[in-house]
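Report on one structure; see the data block that follows.
The values are calculated or read from the model by the stated rules, or taken from the named source; none is laboratory data. Remember, it's a predicted structure, so these values are computed and weren't measured experimentally. Cβ placement follows ideal geometry from the backbone for every residue including glycine, while neighbour counts extend to all protein chains displayed.
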Amino acid sequence: MPVHTVKCASDLDTSVPPHFQRISISNLKLTSDCVHRSVKGEVVQKGPVVSCRQTDHLLKAVIQDKDTPSSDTSQQTSISVIFFGTLAKDFSQTVSQGDTVLLSGFTISKSPTEQTDRLHPCLLEMSSIDACVYVHSSKLFVSSGPAVVSSESRYTYVPLNELKPSRIVNVYGVVTFFKQPFPTKGTDYCSTLKITDQSNAKVSCTIFSESLEDHPKIFRIGDIIRLHRVKAQMFNGSMTLLTTLGWSTITFDGMIDSPIEPRTSSRTFHFGEDDNRAVEALRQWAASQFLANEPTVPLSSVQPRMFFDLTCQLLAKASMDTRCMLLKVWDGTKCAHPLLNVAVAPDALEGESSPSRDRENMIANVLVYDNHVEGASKLKPGMFLRLYNLHAVTQRAPEQSADCASPLCFHLHGGTSYGKGLCVLPSDSPELQPLKRMMGIHVAVAAEDEVNDATLLDVWYTPPEALCEVVNEDFYTVRTCGHALQQVSLAHVKRSTTPVVCHVRAKVKSYQPQNLYQCLKLFCPQCTTLVEVPNDEVIARVFQHALRVNQPCSEHWAVTSSVDSISMHVSCEMVLSNTHTQLLFLQGVALDEMCVISAAHSNVVPVRSDDGRMRLLDFPAPFLFSRDKRYYGCKQCSRCTFVEPEVSGVEIWDEHNVAKALGVQLMQYALLIKFELEDETGTLEALIWEDAERFFHVTAAAASACQDSQDKVQAIMDRLHPPGSSMAERPWLDLCLNAYTVEENGRTQVCYQITNTEARGNLCTPQ
DNA sequence: GTTTAGGATTGG
């Protein structure tokens, strides 16, 4: 085989005949002699095996010279290598990212991708009969029982003080400065940031991407960022990092003890125990260095002339001219200085701005200029924002006399200096909690004002006893839709022609199912089938049945290891390739054994044998166990049998690509509850379903596996409908209702669904 | 040899 593994790194150099001469990557030229020459480097990128008509198979990798100290940025130490035919397959199976390889028998050609990948102008081709790869694996194999699984990280991270020019590296860092992505003069957006780590080195990073989604989601100084495949470079005497082809990033909140949740738009990213440790260590270190994030300045602390960051909710916006947009925002606090009200025609204003809050100095008028107008125009009322480097400017309203205190207006000046910019914060950000709490208090107070306002009495009447509740109530719901709709009665909704969206205010008279575990369903996005989650008894029977007919099975594509009657199968393509070892096929176990084994593994597929062939277990058994989660396939939409899982090209296994590789249609977890709503005008049955996750602030998948999530749903239900409570004691809920017709058994029926609504406030059940 | 940018305001 033309790929040879050596045990020890030093053996690499002696693996080729002594008359072979090593050339460093930076010295390679198109005209270099390739006969009896070798090249050594670390595999920094490894692509999948691709089929191609002329040569059957090929694989592209990038290797980097780690031996030659490179202080000169003009030196190119990374080069692309193409492996052809069986060598491509052997390389794919034997070599992993991070391994060191020594290549001989290559030819040199011009790199067609030099311009796009910014790598070496040359390319190595490994196709001739003499082509040979010697590899020293960086991996440590951990063997325990039948499961040969190595769970070590596939990435190494370079401390920021050890960066060497023109090396492609992975790094972790704490953000000490950042700009929101801004358009460049080229085709991309650019994010500029500065990061540091325990080595105390400070490194500027420049991130280019055409897609805003791919830019790091940095919200504040102290956030922690992970960058993969970025290139170190000297600029103006300082080390910098620059994105290269194939770069990626994820970001984390920097606060100690906050959940370690990667912020990314990518569906497939590697994240393991090592990452948890790296984030935790950086958080601790950042706190000790006082790099940790300070809360932003609330409106109540803003002073004239200051520059500050504001976390707020958008109430309304209006375009002033092509280079200026007005945002009316609040954060639930009252400004100590009078606030300027920029008047706009009501029909030019998108969203609503309550006059009562305006009177109370709670609504800030922000004028957003120039380059920030693009981002501001995408904002919708209701969104939570962070505005960076706002300028508090005193400005006299035209009608105001000179002796009055000049009111404050806020400017987001053009340009990006000092990080000027804005971003949308996810509405479930933990850091929005204090803000939402303040807002909640004022929403309740404002509700009282509005009912007292004669002009609103004809829109809605709230019985006097409910008023006290509203003021004291610290649990409520909010609509997040931004529809500018007048609130209507349930009777009005029932009279309306479908489809229609309505805003209502109602209480929960009853709900179904009473047992909350029954509200968890499985939904097939393909055929829209909705089924109950199978209980353990049913699943255990499927496992037992498979055990009774358990026979050895062997598949040409898999390597099998057995202990007693338990067999574990791993695809040949994955068995040595560290990138893929997470997908295991387990045969001959009972359900409880499966649960024990899968508790420690991300992706375990239970299988049985059928005439010596491997088969998935029958429905309704889950096709995948992933730690404490179980995933099910749709009986109608899944292929009945799979012949061979398609494992090529998958870097990280999750329920989506496991389902795809097995030909299974993945069913989604969903929460479904039927409410009977009531107001003075009648009752109406409404489902909460498509927006249930948003309403309860949990994912259905989490609710399937985690007690905390189930408790959260229960706590919210207990606030909407306290056990043993009278109607008068239950809270009024602001709801967005969708009325639509469905056809069932030839009959059309009107259905109501609660959408765009979130439960908010204190979830402790009142005594 | 990098497409772009390479932090650093004060205004409408």
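Having 3 or more residues that are of a type in the set (Gly, Ala, Ser) is the bar; report the helices (runs of 4 or more DSSP H) wholly within region A:691-767 that clear it. Give the steps one after another, and end with the answer.
Working: elements: A:692-696, A:700-705, A:707-720.
Where helices (runs of 4 or more DSSP H) fall fully within region A:691-767 and carry at least 3 residues being of a type in the set (Gly, Ala, Ser), they are A:700-705.
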Q | Number of positions in region A:21-36 that are in contact with a Ser or Thr (Cβ under 9 Å, 6 or more places away or on another chain) and closer than 28 Å to A:Thr156 by Cβ | A | 6
Q | helices (runs of 4 or more DSSP H) within region A:358-473 that include 2 or more residues at pLDDT 95 or above | A | A:372-377
(Q) Please count how many residues of region A:243-261 are within 16 Å of the chain's Cα centre (by Cα), β-branched (Val, Ile, Thr) and not in a strand (DSSP E or B). (A) 1
Q: Please state which of the following conditions A:Glu213 fails to meet, knowing it meets all the rest: (1) within 13 Å of DNA strand B (Cβ to nearest atom); (2) modelled with pLDDT under 95.
A: (1)
Q: Among the residues of region A:85-109, write down those that are at pLDDT 85 or above and either part of a strand (DSSP E or B) or within 30 Å of the chain's Cα centre (by Cα) (or both).
A: A:Thr100, A:Val101, A:Leu102, A:Leu103, A:Ser104, A:Thr107, A:Ile108, A:Ser109
(Q) Restricting to region A:186-205, and then to whatever is of a type outside the set (S, T, N, Q) and more than 13 Å from DNA strand B (Cβ to nearest atom), can you tell me which residue is surrounded by the most Cβ atoms within 10 Å (Cβ to Cβ)? (A) A:Asp197
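Each row is one residue, and each column tells you yes or no for (1) crowded, with 20+ Cβ neighbours inside 10 Å; (2) among the β-branched types (Val, Ile, Thr).
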position	(1), (2)
A:Ser248	no, no
A:Val279	yes, yes
A:Pro298	no, no
A:Gly332	yes, no
Q. For region A:161-191, which residues satisfy the criterion of being aliphatic (A, V, I, L, M) and farther than 16 Å from A:Gly254 by Cβ?
A. A:Leu163, A:Ile168, A:Val169
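This table checks each residue for (1) in a loop (DSSP other than H, G, I, E, B); (2) modelled with pLDDT of 75 or more; (3) within 19 Å of A:His136 (Cα to Cα); (4) among the aliphatic types (A, V, I, L, M).
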| site | (1), (2), (3), (4) |
| --- | --- |
| A:Asp13 | no, yes, yes, no |
| A:Pro18 | yes, yes, yes, no |
| A:Cys34 | yes, yes, no, no |
| A:Ser38 | no, yes, yes, no |
| A:Gly41 | no, yes, yes, no |
| A:Pro48 | yes, no, no, no |
| A:Lys60 | no, yes, yes, no |
Q: Could you list, in sequence order, all residues of region A:411-425 that are away from DNA strand B (no atom under 11 Å from the Cβ) and under 27 Å from A:Glu360 (Cα atoms)?
A: A:Leu422, A:Cys423, A:Val424, A:Leu425
Q) Across region A:336-349, what is the total count of residues that are crowded, with 17+ Cβ neighbours inside 10 Å and over 19 Å from A:Val302 (Cβ atoms)? A) 2
Q.
All but one of (1) without any contact (Cβ under 8 Å) to a residue 40 or more places away in the chain; (2) closer than 28 Å to A:Leu425 by Cβ; (3) more than 7 Å from DNA strand B (Cβ to nearest atom) hold for A:Phe208; state the number of the condition that does not hold.
A. (3)
Q: Output the residue which, of all residues in region A:171-185 that are surrounded by 19 or more Cβ atoms within 10 Å (Cβ to Cβ) and part of a strand (DSSP E or B), is farthest from DNA strand B (Cβ to nearest atom).
A: A:Tyr172
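Are any residues in region A:677-690 charged (D, E, K, R) and in a strand (DSSP E or B), and if so, which ones?
A:Glu678, A:Asp679, A:Glu685
How about region A:192-242: which of its residues are under 17 Å from the mean Cα position of the chain (by Cα), outside any loop (DSSP other than H, G, I, E, B) and hydrophobic (A, V, I, L, M, F, W, C)? It would help to see each step written out before you state the result.
The initial filter retains those residues of region A:192-242 that are under 17 Å from the mean Cα position of the chain (by Cα), namely A:211-219, A:223-228.
Filter once more, so that each one left must be outside any loop (DSSP other than H, G, I, E, B): A:212-214, A:224-228.
Scanning region A:192-242 gives A:Leu212, A:Ile224, A:Ile225, A:Leu227.
What residue, of A:Thr264, A:Thr243, is within 30 Å of A:Ser78 (Cα to Cα), within 13 Å of DNA strand B (Cβ to nearest atom) and β-branched (Val, Ile, Thr)? Lay out the reasoning, then the answer.
On the way: A:Thr264 fails: within 13 Å of DNA strand B (Cβ to nearest atom).
Only one candidate passes the filter, namely A:Thr243.
Filter region A:508-525 for residues that are touching a residue at least 12 places away in the same chain (Cβ under 8 Å) and outside any strand (DSSP E or B); which is nearest to the chain's Cα centre (by Cα)? Step through it out loud before you land on a result.
As a first pass, look at region A:508-525 and keep what is touching a residue at least 12 places away in the same chain (Cβ under 8 Å): A:508-513, A:516-525.
Now drop any that are not outside any strand (DSSP E or B), which leaves A:513, A:516-519, A:524-525.
On the way: A:Pro513: 31, A:Leu516: 28, A:Tyr517: 27, A:Gln518: 28, A:Cys519: 26, A:Cys524: 22, A:Pro525: 21 Å.
Going through the qualifying residues, I end up with A:Pro525.
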(Q) I'd like to verify a number: residues in region A:506-523 that are surrounded by fewer than 16 Cβ atoms within 10 Å (Cβ to Cβ) and of a type in the set (Ser, Thr, Tyr), how many? (A) 2
Q | Conditions (1) under 28 Å from A:Val647 (Cα atoms); (2) part of a helix (DSSP H, G or I); (3) free of Cβ contacts under 8 Å to residues at least 12 places away in the same chain; (4) of a type outside the set (Gly, Ala, Ser): number failed by A:Thr528 | A | (2)
Q: Mind counting the residues in region A:351-396 that are within 30 Å of the chain's Cα centre (by Cα), surrounded by fewer than 16 Cβ atoms within 10 Å (Cβ to Cβ) and either among the aromatic types (Phe, Trp, Tyr) or away from DNA strand B (no atom under 16 Å from the Cβ) (or both)?
A: 2
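Which ones in region A:218-239 are among the polar types (S, T, N, Q) and touching a residue at least 24 places away in the same chain (Cβ under 8 Å)? Steps first, answer last, please.
Quick first cut of region A:218-239, residues among the polar types (S, T, N, Q) only: A:233, A:236, A:238.
Within region A:218-239, A:Gln233, A:Ser238 meet the criteria.
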Q. Regarding A:Ser153, is this residue part of a loop (DSSP other than H, G, I, E, B), within 13 Å of DNA strand B (Cβ to nearest atom), modelled with pLDDT under 95 and farther than 18 Å from A:Cys423 by Cα?
A. no
Q) In region A:113-137, what residues are in a loop (DSSP other than H, G, I, E, B) and modelled with pLDDT of 75 or more? A) A:Leu119, A:His120, A:Pro121, A:Ser127, A:Ser128, A:Ile129, A:Asp130, A:Ala131, A:Ser137
(Q) Take the conditions closer than 18 Å to A:Phe271 by Cα and within 13 Å of DNA strand B (Cβ to nearest atom) and apply them to A:Asp223. Does it pass? (A) no
Q) Do the conditions hold for A:Asp253, that is, is it at pLDDT 95 or above, over 22 Å from A:Arg118 (Cβ atoms), away from DNA strand B (no atom under 14 Å from the Cβ) and buried (at least 21 other Cβ atoms within 10 Å of the Cβ)? A) no
(Q) Among the residues that make up region A:687-695, is at least one of them over 24 Å from the mean Cα position of the chain (by Cα), at pLDDT 90 or above and not basic (Lys, Arg)? (A) yes
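Kindly indicate whether A:Leu140 is within 16 Å of DNA strand B (Cβ to nearest atom), over 29 Å from A:Lys110 (Cβ atoms) and either out of contact with any Leu (no Cβ under 8 Å at 6 or more places or on another chain) or modelled with pLDDT of 90 or more (or both).
no
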